[in-house]
Amino acid sequence: MLMPLERLRAILELLFREGVLVAEKAPRPRRCHPALPGVPNLEVLRAMASLRARRLVRQTFAWRHFYWYLTDAGVAHLRHYLRLPPDIVPLSLQRARPLRGPPRPAGDPRGTRDARGTGGD
């Protein structure tokens, strides 16, 4: 399917940024993709079918929605195609950092509560 390069680039940038792409199985040409304004859902389906044929994404289907996940080969291909540096990785491949609050003092009374939320008295 022929599509303008700026639309294809928008699809691939979103896929690389998130690492995952979701689209409803609605191949109506006039319906736009919710995450990509101005890009028809049909073009997203066709672009992902092309990447799936080259084994750059893995596809699953559930409840009228397609889910595509980037493979390692897909990350390398999109990094080369979009001309991105090697230190940029998709969000799905980044490790979640543990949230750390400020250190508590040793005599903090909040640390002496039991599982019910009451004091140990």
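Do you know the relative contact order of the stretch 1-90, to the nearest whole percent, from alpha carbon pairs under 8 angstrom that are 6+ apart? Write out the running numbers ahead of the final one.
Details: 110 pairs, mean separation 27.0, N = 90.
Relative contact order for the stretch 1-90 comes out at 30 percent.
Give me the extension gain from Leu5 to Leu93: residue separation times 0.36 nm, minus the current Cα-Cα distance, reported in nm with one decimal. Spell out each step's value before the answer.
Numbers: separation 88, 0.36 × 88 = 31.68 nm, distance 2.64 nm.
Gain on extension, Leu5 to Leu93, equals 29.0 nm.
Could you work out the local net charge near Arg58, counting Lys and Arg as +1, Asp and Glu as -1, over the other residues with Cβ closer than 13 Å to its Cβ? Intermediate results must be reported in sequence, preceding the final value.
Details: positive: Arg52, Arg54, Arg55; negative: Asp72.
Within the 13 Å Cβ shell, the charges total +2.
In a shell of Cβ-Cβ distance under 12 Å around Leu78, excluding Leu78 itself, what net charge do Lys and Arg (+1) and Asp and Glu (-1) give? Walk me through the intermediate numbers first.
Details: positive: Arg9, Arg17, Arg54, Arg79, Arg83; negative: Glu13, Glu18, Asp72.
Net charge in that neighbourhood comes out at +2.
Bear in mind that the values in this text are calculations on the coordinates, not laboratory data. It should be emphasised that the depicted structure is a prediction, and the values quoted were computed from it without experimental measurement. Counting neighbours? That spans all protein chains shown, and the Cβs are built from the backbone with ideal geometry, glycine included.
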